[in-house]
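Visitor: The structure that follows is given in the form of structure tokens.
Each reported figure results from applying straightforward, stated rules to the coordinates on display, with no laboratory input. Computed from a predicted structure; not experimentally measured. Note that we place each Cβ from the backbone using ideal geometry, even for glycine, and neighbour counts take in every protein chain shown.
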Amino acid sequence: MSKNKSNENKQLVTARVEDKSFNIKIESHLDRVNVSLNNYTQLLSGLERKLFLNSILSYVLFFMVIISVLYVVFNERSRSLTKENMNLNKSIEANDKLVISLRDEINGYKNTKRKTKILLEEFLNTTSDPKKLVDDFESLDKSFFSDVEKIFFQDKVDKLKIKLSLNFYENGKNYFQANSYNKAVSEFKESLKYNQKNPYINEINFYMGVSYIRMKRYPESIPFLKEALVNNFDKKRADDILYYLGMAYDRTSNKIKAKEYYRKVVQQYSSGDKYWEAKKRLNALK
């Protein structure tokens, strides 16, 4: 009996020890589970923070992309508007120039018509200055003239030009004979101005060449004397022209040319007025 009881006590003690050991194991396992839970909780918290930060970063990147796209679109639109504005400004400038041109054309038309009316009155007035009439006509813009006006005025002006050219030629000769060579040259130039096909062109060239020689402007005389020599079809004054050309070259220190022209006078015009003078000058140059 007592043996049985002893055995029961042993079993009870053993059971208690085992229970205690089991409790210790459970507590140890719970501790490990708690540690694992804490670690998992911390890991989960870290993941949540990362996820939150990633979400914020994603939103930031998204807005940056949106802003970048909007900037590109805005910039492109801005360039397009700037180009359109430049083209519009060019168009406005071109239109302004066109308006100014048209306004000038209208003013020119009105001005020409006004001057044409005045000119017509002057043409009908027999006491009008012919030079002023011609100069006034030449200063007008003929594009505003009607065909009838062109024919009418041009015929009148052409006749006046011939008359003026002859008058200036006669005045030039008078000044030349009076030894007023500068005035003579001015008159001869006016004569050529009003009639390029002047029938006295050869005479004018001769007188102008000699006038420049008399004024000691020798280089200026040469072109006119050469022109007079080329167009001297009737050989009138040929010895004079050659002689004065020789003198012009002599005075400009071109001795070779001077002797050439003096020699032509001596060889071709032994009976001419300039023969002895040319011979004398030719001998002086040897």
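Visitor: Pull out a ≥ b ≥ c, the square roots of the eigenvalues of the alpha-carbon gyration tensor of region 200-286, then state rounded if a/c is under 1.5, prolate if not and a/b is larger than b/c, and oblate in the remaining case.
Guide: oblate
Visitor: What do you get for Rg/Rh of region 125-257 when both radii come from the Cα atoms and Rh is the Kirkwood radius?
Guide: Result: Rg/Rh = 1.10.
Visitor: How much length, in nm to one decimal, is gained on full extension between Val60 and Leu44, taken as 0.36 nm per residue of separation minus their Cα-Cα distance?
Guide: 3.4 nm
Visitor: Below 8 Å between Cα atoms, with a sequence gap of 6+, how large is the relative contact order for region 201-264 in percent?
Guide: Over region 201-264, the number comes to 28 percent.
Visitor: Classify region 173-226 as rounded, prolate or oblate from the Cα gyration tensor: take a ≥ b ≥ c as the square roots of its eigenvalues, call it rounded if a/c is under 1.5, otherwise prolate when a/b beats b/c and oblate if not.
Guide: Judged from the Cα gyration tensor, region 173-226 comes out oblate (a/c at least 1.5, b/c at or above a/b).
Visitor: Shifting gears a bit: May I ask you to derive the relative contact order of region 146-286, considering only C-alpha pairs under 8 Å and at least 6 residues apart, and to give it as an integer percent?
Guide: Relative contact order, region 146-286: 14 percent.
Visitor: Fewest first, what order do Glu227, Glu220, Glu187 take by the number of other Cβ atoms within 10 Å?
Guide: Glu220, Glu227, Glu187
Visitor: Are any of the pairs Lys197/Lys257; Lys150/Lys193; Lys150/Lys173 more than 24 Å apart by Cα-Cα distance, and if so, which?
Guide: Flagged as over cut-off: Lys197/Lys257; Lys150/Lys173.
Visitor: Could you tell me the largest-minus-smallest coordinate of the C-alpha atoms of region 22-96 on each of the three principal axes, in descending order and whole angstroms?
Guide: 107, 8, 6
Visitor: Using 0.36 nm per residue of separation minus the Cα-Cα distance, give me the extension gain between Leu30 and Asn89 in nm, one decimal.
Guide: Extra length available between Leu30 and Asn89 comes to 12.7 nm.
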